[in-house]
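J.: Could you have a look at this structure, given as structure tokens, before my questions?
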Amino acid sequence: MLIETHAHLDYPDFAPDFDEVLRRATEAGVTRILTIGTSIESSRRAIDLAEKNSNIFAVIGVHPTYAKEAGDDVITPLRELAKSPRVVAIGETGLDYHSLPSKATAKDKKVQVFANALQGETEEQIDASIEDGAYKSKQAILFEQQLDLAVELGLNVVIHQRDAWEDTLEMMRPYTDKVRGVFHCFGGSLEQANEVVDLDHLVSFTGIVTFKNGASVRQVAAQIPLWKFMVETDCPYLAPVPFRGKRCEPAYTRLVAESIASARERGRRAVGAQMLKTRRSVSLQFAALALLSFLLACCATPKDLQHHVIISVKDQKLALLDRETLVAIFPVSTSKCGLGDWPSSRCTPLGELEIAEKIGDNAPLGTVFKDRRRTGEIVLPNAPGRDPIVTRIIWLRGREPQNANAFGRYIYIHGTPEERNLGLPVSYGCVRMKSEDVIKLYDVVGIGAQVSIVDTPLATVVPGLASETQIASTNDGGMVAAP
């Protein structure tokens, strides 16, 4: 199963055989397609396609090369468009200095010769340079608006960058830990890819990896961590070999994945599975159904199909099952703000989720985490006046529309120093556990393990749990082994 993470299906190139394009994609194993808006009107068309086709989701935004035509305020119309449940990200947005006015002027040989003769700038070149500055400024303003909107709505961003590397990163840095993005159609060096990864973003590869002159990009795809990239076509552009020069389409996502798999000496199936995990992890919200946020699990680690975690908001308990056999029960604390999954809310989501990432291997009990990084501080249980995330983080992503924002809202199962409050709903959306309990859970469950959050008693949903009396003794924070 593959996800086409960047297509432009609203373009007229696909109008003559749109249904056939979708059919070929399905036959190639491409089960979800993100169609990307490049202007307000293009974004409207993307939403229309997504609302008419269950396997298509919309990303809305204003492309930097449309900056001249765009109004000064794009955040207002995009915010309105984002109300559609089929919208899963913002973009593509960014900076593009490839075709600046001064470059067009420089192509005029008469101007170049005249300028060289005078050993200075012509009036045309001066005007073009001024226009360059205005064009870059407009791009930056629209880019910032879209980043702000992504933060406001809890969505990820699709980043376009061309000949503007340093300026793009400079604009992204203030948004670190506020928004996550993917640098699409990546064609840079491994060092640049690592810069993106270090800012907690992803890169995405196109059919360029199949080109004869795409060796450097293939090398990057072969070396970057598997959980830090995605695949796309950017259709109708950049058709992979053997279709290079022809119209590209979502079905060719498979060719991109196969080329990367070959470069990495991994099987096609492994890379495909990782791409699906990646889309399910960052957001992503990047594809509603839980579909397809960014992954944070390594393809080399098999998905945990053995364990099942069930959290009862009603009981404030967590049950751990092994092959649907009850193993243990732990006291927890869910949100005091109630239940739900609205962007930026502090509610605990309900429904079916899965473990997207585990953070904190071998960290001492009480280790404090800020923005998922160790601070070096240790906070003991029930330390007065302290309420940080401690010990371990088990990051969840949703599998359903009702919890599609969970990953982007940073919903974790994590340790808390406020162990005295376990059994009461006092968190801000996450699921809190006793430090020693979260270590036990962390050491057992793996990436991909199912997590069910319900608003009913455990006794009604856990096989083998005959009555609520079996879990009554966990109120003191202890662990109860299943009979």
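Read the figures in this text as sums done on the coordinates, not as results from a lab. Everything quoted here is computed from the prediction, not taken from an experiment. Backbone-built Cβ (ideal geometry, glycine too); neighbour counts: all protein chains shown.
J.: For each of I453, I439, count neighbouring Cβ atoms within 10 Å of the residue's Cβ, then give the residues from fewest to most.
T.: Details: I453 24, I439 18.
Listed from fewest to most nearby Cβ atoms, that is I439, I453.
J.: Along the charge dipole of the range 307-481, Cβ charges K/R +1 and D/E -1, which of A328, G376, Y428 sits furthest on the positive end?
T.: Result: G376, furthest along the dipole toward the positive end.
J.: What ranking, highest mean first, results for peptides 159-165, 353-359, 241-247 when packing means the other Cβ atoms within 10 Å averaged over each residue?
T.: Values: 159-165: 20.9, 353-359: 23.1, 241-247: 12.4.
Result, highest mean first: 353-359, 159-165, 241-247.
J.: What are the ³J(HN,Hα) values, in whole Hz, obtained from phi via the Karplus relation 6.51 cos²θ - 1.76 cosθ + 1.60 with θ = phi - 60°, for each residue of the range 334-348 in sequence order, with x given for Gly and Pro?
T.: Ordered by residue, 3J(HN,Hα) equals 9, 6, 7, 8, x, 10, x, 8, 5, x, 6, 7, 10, 9, 8 Hz.
J.: Right, here's the next one. Give the relative contact order (percent, whole number) for the range 307-481; include only Cα pairs under 8 Å separated by 6+ residues.
T.: Numbers: 462 pairs, mean separation 57.5, N = 175.
With pairs under 8 Å counted, the relative contact order is 33 percent.
J.: Still on this structure, I have one more. Each residue of the range 133-139 in order: what ³J(HN,Hα) in whole Hz does its phi give by Karplus 6.51 cos²θ - 1.76 cosθ + 1.60, θ = phi - 60°, with x for Gly and Pro?
T.: Rounded to whole hertz, the list is x, 5, 5, 5, 4, 5, 4.
J.: Neighbouring Cβ atoms within 10 Å as the yardstick, rank L396, L81, L147 fewest first.
T.: Working: L396 27, L81 18, L147 24.
Final ranking by Cβ density, sparse to dense: L81, L147, L396.
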